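What follows is one structure encoded as structure tokens, with my remarks underneath.
The values are calculated or read from the model by the stated rules, or taken from the named source; none is laboratory data. Everything numeric in this text was worked out from a predicted model, so none of it was measured. Note that each Cβ is placed from the backbone with ideal geometry, even for glycine, and that neighbours are counted across all protein chains shown.
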Amino acid sequence: MTPEPSGNTQWRFAVDRGGTFTDVIGFDPHDKIHTAKLLSESSDYEDAAIEGIRQMLGTPQDRILPEDRIAWIRFGTTVATNALLERTGASTGLIITSGFRDLLEIGTQERPDLFALAIKKPQLLYGKVREVPERMSAEGVVIHPMNVDVLRSGFAQFKTLGVESVAIVFLHAWKNAEHERIAQELAREFQFSYVAVSHQTLSVIQVVGRGQTTLLDAYLGPVLERYTHRLRRWTGSIPLSFMGSSGGLYSPASFTGKDAVFSGPAGGVLGVAKMAKAEGDGAVIGFDMGGTSTDVCRYDGSLERVLDVKFAGIRFQAPILHINTIAAGGGSVLGFDGYKFTVGPESAGADPGPACYGRGGPATITDANVVLGRILPQYIPAVFGHDRVSQLDVGAAQTCLRDLQETVIRALGRPLTEVELALGYIRVANEAMCRPIKDLSVSRGYDVRNHVLLCFGGAAGQHACGIARILGISKIRIHPLAGLFSAYGIAIAPVQRLAIETISCHADADGLRQAYERVLQLTRALEELMCREHATTSSVMPVCVNKIECDVRSLGRDYSITVPWCDTPQVLVTVFGAKHRQHFGFDPPESILELVNIRVEVSTHDIPCGAESYFDSDRHVQTTSCETTQVWFDATESCDVPVYRREALSPGFSLSGPALIVENHSTILIEPGFNANVEPSGTISLSCHDTEQESLASECDPIFLEVFHHRFMSIAEQMGDTLVRTAHSTNIKERRDFSCAVFDAEGQLVCNAPHIPVHLGAMGETVRHIIGHTTLRPGDVVASNDPYNGGSHLPDITLVATVFRNGSPKFYVACRAHHADIGGTVPGSMPPFSSRLEDEGIVIRSLLLVRDHQFREEDVLSVLRSGAYPARNLPERLSDLRAQVSALRKGGEELSCLCDQFRDEVVTAYMSHIRRYAADLTRETLNVLLGGHAERVCRFSDVMDDGTVLRVQIRIVSDSSRGLQAEVDFSGTSAQVSGNLNAPPAVTRAAVLYVFRTLFQKPIPLNDGCLVPIRIKIPEGSLLAPDANAAVAGGNVETSQRIVDILYGALDIAAASQGTMNNVLFGAPDGTGAQYYETIAGGSGAVHGSHGASAVQVHMTNTRMTDVEVLEQRFPSVRIERFEIRRGSGGVGQWRGGDGVVRSYRFLQPQSLTVLSERRTREPFGLRGGKPGVPGRNRLLRSNGSIENLDSKAHVIVQSGDLLEVSTPGGGGYGCPPV
């Protein structure tokens, strides 16, 4: 029966262009839904979206789309995404405040890959940069007027060099945009294609994030304009709109780069929200598995947006729907690393695509599903093969998997069937896709088992039951348009405009009143803008729905919480407190609240676009399957599985698995143990009634080796996420200076999440010490910071808890975190001239922190108040310790759940298998280092700034009985010193583990197996094994870096990196108030085949740098006047060393200043004829004009007007410089 006309006389279309397929949904004048799925790239048509619409309308390819038949077209597009990934955006120039030409290149200082020996920083979005003399204060007061002549000269130079697009970024423009407005007007005179200014792009504090967002708009703006122009050739004057990453529709004129990055996935989130409301579900997980990647989201009644985003190596700020993405999809390439199965991150893409596409592609997840009978070619449109009209090629899929099968059998030396192989890869892929789901739920304090799994995307239906079973989710829903669900979400999207603006004021009555005045101004402006744009695309004016929120935090904190707008301070305190408890599990500190940002959202109501039911009332109801087929669920035998056509199933139909439900664009696999029911809406609901423990032998299996790799790493990561969520201090919550780990019953490290390298491998000694000296009961937690029992330095406090199973201790979990202060002679517990351990703070040998689940606060306070120099800010210490306890509880809970699923003995066995795997990889690395010889001995030494010698000998031998072994011997290293450069043995162990981990060619979990073939020999009484009273503050942050350098030097692998962390601390001279601490990036050493990276954190640290604007607002005592790359400081060579940085601090009030650094007199060495890097320099330029060259370790009182200039070292070069 044809539906009654809805009043529409024209077609409406929604398009989602993905990496592999483009989905098109059309609503005809009778509101009947039509669908099409095309390959995104094909030689048969110019644009997949236009082709899909043509096919529905019957329009010839050489004709433009008929304007009289189409009301509107909405696009979700990857055009901007692809341009960003492939770096094919516009030629862009950057205009920025003088002294900060390299600020956006430096970014947060973090290196992208913790264990990459050759550090690869993301390619910049700008090709030219021009500094302009101008400066605003943190309060928005003009300090230096803008030099318009320099600005004009810069624009003229850009035009000469062919710059197409310009980004203008001035410091504190969020507070006072006067200079940016002048620059914008002048840029227009030069007629650049696109001009983006930071205060208009996003008027929020944080110049790096705001600046990158501005660059993103400038870089992608012309790309989007060209794409729109191309579409107009085929669409004429048909109204077009684009799906924005924030969840609303934008006109072509207002659609910018930052809006476009997650354009398609945002449609899926809107579809999830619509479906959850329609089905009456509370909390849901959206699971969108496509051909190239998988996107997951969470919805519990409101759309969640994030402001800080990282994509394609670029960290930027924009209000974007919270979506987690993993490079695992139907096209993910299957691999084998010699020990375990791997899936992705490489993808076969749309062309050649998976092997079954018949175009010579590799084996993929799709091929595994085809071989297992889970995808039936006869039900899939014939668009494959080189001729694009063939069916899926089952034979090609089988051939590729058999080739892979032979490789696995040769490596393992035991039989493995093709079915075992395919099932194994499906399981590995499912485990990988569960991790981002846990990140959105478990890691944020939500029980994932209490969610409904909403599945969509072309490949999700084949994996839904497997994902739900792993996560313990009992209910799954699959929409009738699941194969084109993002396009469906785009079809129902509202027209929307958002504004976020930093206010930064106290949340008292006056602050709220002033902020609300700005809210009203923003609301009116957004309403007017939306009505103007909508008037060009519709004769019906929109009904505006306004949503007002604000970001609030306790004064002095970095982390804010988004809450609904509150009219009074009293209501705000109540709402903020409730949100704080929900997010972090504890009450906020009793302090003044700060209003950080205001958020205004103006949108239309959800757009109805036609039929909400997907059934014809008079159609035939299918009650029996159309055929049966063979599907494999285990390796022993296949099952006869009924096949149903989805379009023939009507409401009320139910079945029990196993079964297949097929449609043109996707297949739903109903596994044994699941029931399916067709809802009145057409949605298929699956429920699980089989929760039996998995049957798995204890012997090592290459499939489950990778499964447990994911599980153990996920547990450690969830511990870290819990710690961040519940911690109070900036050191833990923002700088992420902590590590979390899992241990077996003997205290052997199983998995250490890659947080801070200097912690790696060191916690095991602390755990074993506590096991050997303390009797732990269920619910107990013990704390230690003892440098001579596995600790690093005193601020790093390690907490250890036991995981009991059936009354016996089975596993241990531990967490080490850097506390902002643990006592000592100076705030921050890092005195530059400490000579005894007690100068650096309280020593905690072994403290029972929690007994029988009860936090022993009085006992803890007694210890923190003890000693000659007790700890400061005790409330924060207690709060961070409690946060660490929460992290341990999370680890214990997840380990227990893992045991419940697989049995204790299986989990224990795979802990051993994972360590053995790591040991084997270490031996592989040693074999490469041997280079075919029976023995290799290599030596290296270097000298610290004070003349202390570090010396190492590495001996690698091939032993017939024990296999490959290495001895790392530090004999000849100087004796311990009277200062604080002494490093406890745990620091050396961490450095050795880090170095060898960087040499592995495969990703593995950090565990004690890595060091099984390696013996570390450290002479007692040396700098690296001092006595129990020696000071160690500098050993952890400085000596650790130099140990890494000499290890690479001995192995002849990498020239020296900067060899220091460049620690800078300052605060009020009397010790009161807030103290500031940061470490500064430098140059990394070159390696064969790769230049060193400039301006990055190297080796044993990877903490972030506080944004300049945030620092100056929070610490009015200082102004950063320069932060740029120290060009030419890297050593020359065939491969150049990376450059250091220059960072200048202008003090506006008297301050107590501490600098703890290295390589101020000794150059970072080069290798193989490469030249050394330039050493660092610390200079103090007094306000009276005098200059003081500070030593590498210094403590001085600075006065108002004094300027500290820290120039960090460059890395050494590798190989003889070219002649």
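Restricting attention to region 925-935, the residues that are surrounded by fewer than 17 Cβ atoms within 10 Å (Cβ to Cβ) and at negative phi total 6.
Condition first: in the same structural domain as Asp796 (by TED's automatic domain parsing), touching a Leu at 6+ places or on another chain (Cβ under 6 Å) and crowded, with 21+ Cβ neighbours inside 10 Å. Can you find one or more residues in region 745-753 that meet it? Give the steps one after another, and end with the answer.
Kept after step one, since they are in the same structural domain as Asp796 (by TED's automatic domain parsing), are these residues of region 745-753: 745-753.
The next check asks that each one be touching a Leu at 6+ places or on another chain (Cβ under 6 Å); those that pass are 752.
If we keep only those that are crowded, with 21+ Cβ neighbours inside 10 Å too, we end up with 752.
Yes, the conditions are met somewhere in region 745-753.
Starting from residues that are more than 26 Å from Gln1113 (Cα to Cα) and modelled with pLDDT of 80 or more, keep the ones in region 576-602 and report whichever is farthest from the chain's Cα centre (by Cα). Restricting to residues being more than 26 Å from Gln1113 (Cα to Cα) and modelled with pLDDT of 80 or more, the top hit is Val602.
Scan region 835-842 and give yes if some residue there is of a type in the set (Ser, Thr, Tyr), closer than 30 Å to Val750 by Cα and touching a residue at least 60 places away in the same chain (Cβ under 8 Å), otherwise no. I'd like the intermediate steps shown before the answer.
We begin by selecting, within region 835-842, every residue of a type in the set (Ser, Thr, Tyr); these are 835.
Next, from what is left, pick out any that are closer than 30 Å to Val750 by Cα: none.
The answer is no; no qualifying residue exists.
Give region 294-328 a look and list any residue that's closer than 15 Å to Cys434 by Cβ and crowded, with 24+ Cβ neighbours inside 10 Å, or say none. Please lay out each step first, then the result.
Residues of region 294-328 closer than 15 Å to Cys434 by Cβ: 294-298, 324-328.
Once the filter is applied, which keeps residues that are closer than 15 Å to Cys434 by Cβ and crowded, with 24+ Cβ neighbours inside 10 Å, region 294-328 yields Thr294, Asp295, Val296, Cys297, Ala328.
In region 52-69, the residue that is surrounded by the fewest Cβ atoms within 10 Å (Cβ to Cβ) out of those that are touching a residue at least 40 places away in the same chain (Cβ under 8 Å), part of a helix (DSSP H, G or I) and touching a strand residue (DSSP E or B) at 6+ places or on another chain (Cβ under 9 Å) is Arg69. Restricted to region 32-51, and to residues there that are in a strand (DSSP E or B) and in contact (Cβ under 8 Å) with a residue 40 or more places away in the chain, the residue that is farthest from Gly458 (Cα to Cα) is Ile33. If you check Val758, Val782, Val767 for being of a type in the set (Val, Ile, Thr) and in a strand (DSSP E or B), only one passes: Val782. I'm checking my understanding of the structure. Among residues of region 633-656 that are surrounded by 15 or more Cβ atoms within 10 Å (Cβ to Cβ) and closer than 30 Å to Leu416 by Cβ, which one is modelled with the lowest pLDDT? My answer is Ala635.
Can you pull out every residue in region 770-791 that is of a type in the set (Ser, Thr, Tyr) and either buried (at least 24 other Cβ atoms within 10 Å of the Cβ) or modelled with pLDDT of 90 or more (or both)? Talk me through it step by step, then tell me what you get.
So the first thing to find is which residues in region 770-791 are of a type in the set (Ser, Thr, Tyr), and the list is 774-775, 784, 788.
Passing the criteria: only Ser784.
Look at Ser879 and say whether it is assigned to a loop (DSSP other than H, G, I, E, B), farther than 23 Å from Gly764 by Cα and among the small types (Gly, Ala, Ser). So Ser879 fails the test.
Surrounded by fewer than 18 Cβ atoms within 10 Å (Cβ to Cβ) and within 35 Å of the chain's Cα centre (by Cα), is that true of Phe855? Steps first, answer last, please.
Working: surrounded by fewer than 18 Cβ atoms within 10 Å (Cβ to Cβ): yes; within 35 Å of the chain's Cα centre (by Cα): yes.
Yes, satisfied.
When residues in region 135-180 are screened for being on the phi < 0 side of the Ramachandran plot and in a loop (DSSP other than H, G, I, E, B), 17 of them pass. Test Pro680 against the criterion of being assigned to a loop (DSSP other than H, G, I, E, B), touching a Pro at 6+ places or on another chain (Cβ under 8 Å) and free of Cβ contacts under 8 Å to residues at least 60 places away in the same chain, and give yes or no. Judged against the criteria, Pro680 is not a match. Residue check: Pro870 meets all listed conditions (1) farther than 25 Å from Gly1035 by Cα; (2) out of contact with any Ser or Thr (no Cβ under 7 Å at 6 or more places or on another chain) but one, namely (1). Considering only residues that are buried (at least 24 other Cβ atoms within 10 Å of the Cβ) and of a type in the set (S, T, N, Q), look in region 974-1012 and name the one that is modelled with the lowest pLDDT. By that ranking, first place goes to Asn1007. Residue-level check: of (1) under 32 Å from the mean Cα position of the chain (by Cα); (2) among the aliphatic types (A, V, I, L, M); (3) more than 18 Å from Ala887 (Cα to Cα), Ile797 misses just (3).
Identify, please: which residue in region 204-230 is over 23 Å from Gly154 (Cα atoms) and crowded, with 20+ Cβ neighbours inside 10 Å and is, among those, nearest to the chain's Cα centre (by Cα)? Steps first, answer last, please.
Initially, region 204-230 is screened for residues over 23 Å from Gly154 (Cα atoms), giving 204-206, 209, 223-230.
Among the residues that remain, those that are also crowded, with 20+ Cβ neighbours inside 10 Å are: 204-206, 209, 223-224, 227.
Numbers: Val204: 22, Ile205: 21, Gln206: 19, Gly209: 15, Val223: 26, Leu224: 26, Tyr227: 29 Å.
So the residue we want is Gly209.
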